[in-house]
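> I'd like to ask you about the structure that follows.
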Amino acid sequence: MNLNNCRCLGRHVLRTVPIVLYTVIATGKVNGQGTLQSVTQAATRNSERIKIAESELEKAKASLSGTRDVYIPSVSLSSGLGASSGITLNVPTVFTASAQSLVFNYSQRNYVRAARYGVEAAMHSLTDVRQQVEGDTVVTYMSLANASTRLNVLRAQHVRAFRFLEVVTERLAAGYETELEMMRVQKEAAAINLQEVQTEHKVESLRQHLATLTGTVDSVMDLPDPRMMPDEIAEKVTIPELTCKTPADVLSAQADAQSKLQTSFGDARYTLRPQISLQAQYGRISPLNSVSTYYNLHGNYNTLAVGVQIQLPILDFGRRAHAREAAADALKAQHQVVSLRQQERESCSELQSSLIELTVQLRLAQLEYKIAAAELAALEIQANSGAPSSLNATTPKETYRAQMQVGQKLLDTLAVDAQLKEVYIRFLRQNGRLHDWIAAGAQF
C-alpha cells in the first residue's frame with residue numbers, strides 16, 4: 001500500500017468517524033436488516049422465549065376458563081346391551097344421558113380469582129420477556145455499530161502507528177532517538193494491533209448474535225460506511241426523566257403472589273361450608289332383560305331424575321394439610337415480591353447514578369477530544385508555516401504523536417458512549433419504557 005494513501009486514509013477516517021450519541025444507529029442499516037425498529041420486530045417474532053411466554057399465557061387463560069366452566073353443566077351419554085338372568089341389581093338401560101354442574105362453592109370463587117391473577121401474572125411475564133429480548137437486540141445492534149466505528153478508528157490508528165514507527169526508525173538511524181524510545185513506539189503499535197484484532201472478533205461475535213436473534217441465515221453484516229456518518233460532535237447529552245416505575249417482572253411476581261393467596265383461601269374454606277351441585281339424568285330402560293317382569297313400569301320405559309345435591313365436608317385432614325401448605329407458599333411469594341421490589345429500587349437508583357456519571361464522563365471525553373484535535377490543528381498549521389529553521393519548528397514525530405493522541409481520545413469517547421447507551425437501555429427496560437422508545441423512533 002502506498003504510504004501517502006495510507007496517510008490520507010487515516011486522516012479521512014479520523015475526521016469522519018462520529019464519537020458521541022451514535023444517532024446513526026436509530027436510522028442506519030446493517031446488512032439490509034433495516035432500522036432498529038425492524039430489527040427488533042424480527043427478533044421478537046423469532047424469539048423462542050417469547051413463544052414460551054405466550055404458551056404460558058394461553059395455559060393461564062385455559063386454567064381460568066376451566067375454573068369458570070364448572071358452573072356450566074357437563075353432559076355425558078352412555079349406552080350398552082347385555083343379557084341377564086333373574087332380577088337385575090340395577091335397572092338396565094339402552095342408553096343414559098346425565099348432566100351435572102356446580103351451583104355454589106365457597107372455595108370456587110377464590111379459585112376463579114386465583115386463575116385471574118394467574119392470567120395477569122402471565123401477561124406481565126410475557127411483557128417482561130419481550131422487553132428482555134428487545135433490550136438484548138437493541139444493545140447488540142448498538143454495540144455492533146459502536147464496535148464497527150471503533151474498528152475503523154483503530155485501522156486509522158494502525159496506519160498512523162506504522163508511519164510513526166517509520167519516523168522513529170529514521171530518527172534512530174540518524175542518532176536522534178534511543179533504543180528505549182524505539183521499543184516504546186513498537187509497544188504502542190503492538191497494543192493498537194491487539195485492540196484491532198480484539199475489536200474484529202467482537203464485531204464478528206456481535207454479528208453472529210444479532211443474526212441469531214433475528215433468525216437471519218446470513219450472519220455477515222456490512223460495517224457502517226464512515227463517509228455516511230456525521231462529522232460534528234454532539235455538545236448536548238439528554239437523559240430521560242429519572243423516575244423509577246414498577247417493572248413488569250415485579251408486577252408478574254405480585255400477581256402470582258395474589259394468585260397463590262387466593263388459592264390458599266380456597267383450600268382453607270373447603271371444610272364446614274356447604275357445596276351445592278345440580279344433577280340430572282335420563283335413561284331409556286332396556287326391554288331385552290325382562291325388566292317388566294320384576295318392575296312395575298306401567299308400559300313407561302323412560303326414566304328421568306333431576307335434583308340438587310348439598311354436601312357439607314366436616315373432617316378432611318388431607319385438605320387441611322394442603323391448605324397449610326398453600327398458605328405457606330402464598331406467604332413465601334409475598335416475601336419474594338418485597339425482596340424483588342427492594343432489589344429493583346436499588347438497581348434503579350444505581351442506574352440513575354450511572355446515567356448521570358456517564359453523561360458527565362462523556363462530556364469530559366468530548367472536551368478532551370476537541371482539545372486534542374485543536375492542538376493537532378495548531379501543530380499542522382505550525383508545520384506548514386514554512387519556517388523549518390525556527391526553534392519552535394514542529395517535527396514529524398510530534399505531528400504523528402498528536403495524531404495518535406487524537407485517535408486515542410476518539411476511542412475513549414466511543415467507549416464511554418457505548419457504556420452510556422447500554423445503561424440507558426437497561427434503565428428504559430427496567431422502567432417499562434423500552435418498547436415505547438423503540439416505537440417512537442429510538443432517538444437519544
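> Do you know which residues across region 179-214 are polar (S, T, N, Q), in contact (Cβ under 8 Å) with a residue 24 or more places away in the chain and more than 30 Å from K397 (Cα to Cα)?
T214
> Looking only at region 363-374, decide whether some residue is surrounded by fewer than 12 Cβ atoms within 10 Å (Cβ to Cβ) and more than 30 Å from F427 (Cα to Cα).
The answer is yes, given that some residue of region 363-374 is surrounded by fewer than 12 Cβ atoms within 10 Å (Cβ to Cβ) and more than 30 Å from F427 (Cα to Cα).
> Right, here's the next one. Can you name every residue in region 167-197 that is loosely packed, with under 14 Cβ neighbours inside 10 Å and part of a helix (DSSP H, G or I)?
E170, A173, E179, L180, M183, R184, K187, A190, A191, L194, V197
> Please tell me if T127 is of a type in the set (V, I, T) and either within 30 Å of T35 (Cβ to Cβ) or part of a helix (DSSP H, G or I) (or both). So that I can check it myself, show each step before the final result.
Values: of a type in the set (V, I, T): yes; either within 30 Å of T35 (Cβ to Cβ) or part of a helix (DSSP H, G or I) (or both): yes.
So T127 fits the description; yes.
> Given the conditions (1) assigned to a strand (DSSP E or B); (2) among the charged types (D, E, K, R); (3) free of Cβ contacts under 8 Å to residues at least 40 places away in the same chain, report the number of the one that R284 does not fulfil.
Failed condition: (3).
> Quick one: how many residues across region 379-402 are at pLDDT 85 or above and not in a helix (DSSP H, G or I)?
0
> Select from region 332-361 the residues that are farther than 30 Å from L261 by Cβ, within 26 Å of the chain's Cα centre (by Cα) and surrounded by 15 or more Cβ atoms within 10 Å (Cβ to Cβ) and list them in ascending order. Step through it out loud before you land on a result.
Residues of region 332-361 farther than 30 Å from L261 by Cβ: 350-361.
This time we only want the ones that are within 26 Å of the chain's Cα centre (by Cα), so: 350-359.
Listed by number, the residues that qualify are L351, Q352, S354, L355, L358, T359.
> For V217, are the conditions met, namely being at pLDDT below 90, outside any helix (DSSP H, G or I) and among the hydrophobic types (A, V, I, L, M, F, W, C)?
Working: at pLDDT below 90: yes; outside any helix (DSSP H, G or I): yes; among the hydrophobic types (A, V, I, L, M, F, W, C): yes.
When the stated conditions are applied, V217 passes them.
> Quick one: in region 259-281, of everything that is part of a helix (DSSP H, G or I) and among the aliphatic types (A, V, I, L, M), which residue is surrounded by the fewest Cβ atoms within 10 Å (Cβ to Cβ)?
Taking the candidates together, the pick is A268.
> Among the residues in region 351-367, are any charged (D, E, K, R), part of a helix (DSSP H, G or I), modelled with pLDDT of 90 or more and more than 17 Å from R160 (Cα to Cα)?
Yes, because at least one residue in region 351-367 is charged (D, E, K, R), part of a helix (DSSP H, G or I), modelled with pLDDT of 90 or more and more than 17 Å from R160 (Cα to Cα).
> Being in contact with a Cys (Cβ under 6 Å, 6 or more places away or on another chain) and at pLDDT 90 or above is the requirement here; does V159 meet it?
In short, yes.
The values are calculated or read from the model by the stated rules, or taken from the named source; none is laboratory data. Please read all numbers here as calculations on a predicted model, not as lab measurements. Neighbour counts are summed over all protein chains in view; Cβ atoms, including those assigned to glycine, are modelled from backbone coordinates with ideal geometry.
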